[in-house]
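Some notes on the structure that comes next.
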Amino acid sequence: MRLLNITPVALVFLFLASSIDASNSPHLIATLANPLNLVPLASERMETPPSLIMPLFEGPIDIIGDIHGESGPLFQLLDHLGYDGSGFHPEGRRLVFVGDLVDRGSDSISVVQFVMGLVRAGRAQAVLGNHELNLMTGSRKHGNHWFWGEAEAITKDRKEGPTAVSFQRLADEAFRAQALAFFHSLPIALERADVRV
């Protein structure tokens, strides 16, 4: 596993079936309120609607989480990992985004459009994060007013010095419809024999 000191952080895994002991991994997904009606997973397998847990890509994957609308660092990270601008990796690796694509950063729109394109092209998979869920349920939180076309100054405490202020690119009605349809298509987990994301 490689940890990169860049925002967002990518965890790069080459999973081998023998390297994971499934008996040591408790499987519990918190129950969420309507409209999703998710159910907890017990230690034994329960029937789950197919859209909630879907098959994960086989082969090598790069797992990226918590992008939070930071398109610049995302594209730098993908370049560092060897992906081209269309999400293709010369070694056949594929991307898995583990939610929180949006909010806080200045360009959630570009991040969602990019990831949505990769998923449609079969070069990436994504799971639903709590920030996407907030948008789906209409919960206005600090950092997500961009989605409703409302200007909001975002402050970030930086280690290097004083707080930085950024302004977010605002969504229009057409983007909101596209993004919500995409978020509604996402599972809450992806799994294969050796790993669950």
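The values are calculated or read from the model by the stated rules, or taken from the named source; none is laboratory data. Treat the numbers as computed from the prediction; the structure is a model and nothing was measured. Here the Cβ is made from the backbone with ideal geometry for all residues, glycine too, and neighbour counts use every protein chain on show.
A few points about this structure:
- Complete set of residues in the range 181-197 that are in contact with a Leu (Cβ under 7 Å, 6 or more places away or on another chain) and in a helix (DSSP H, G or I): PHE183
- Enumeration of residues in the range 114-126 that are surrounded by fewer than 21 Cβ atoms within 10 Å (Cβ to Cβ) and either within 16 Å of PRO73 (Cα to Cα) or among the β-branched types (Val, Ile, Thr) (or both): VAL119
- Residue list for the range 75-113, filter: surrounded by fewer than 16 Cβ atoms within 10 Å (Cβ to Cβ) and either touching a Ser or Thr at 6+ places or on another chain (Cβ under 8 Å) or of a type in the set (Ser, Thr, Tyr) (or both): SER86
- Boolean, ASP66 is closer than 27 Å to ASP172 by Cβ and modelled with pLDDT under 95: no
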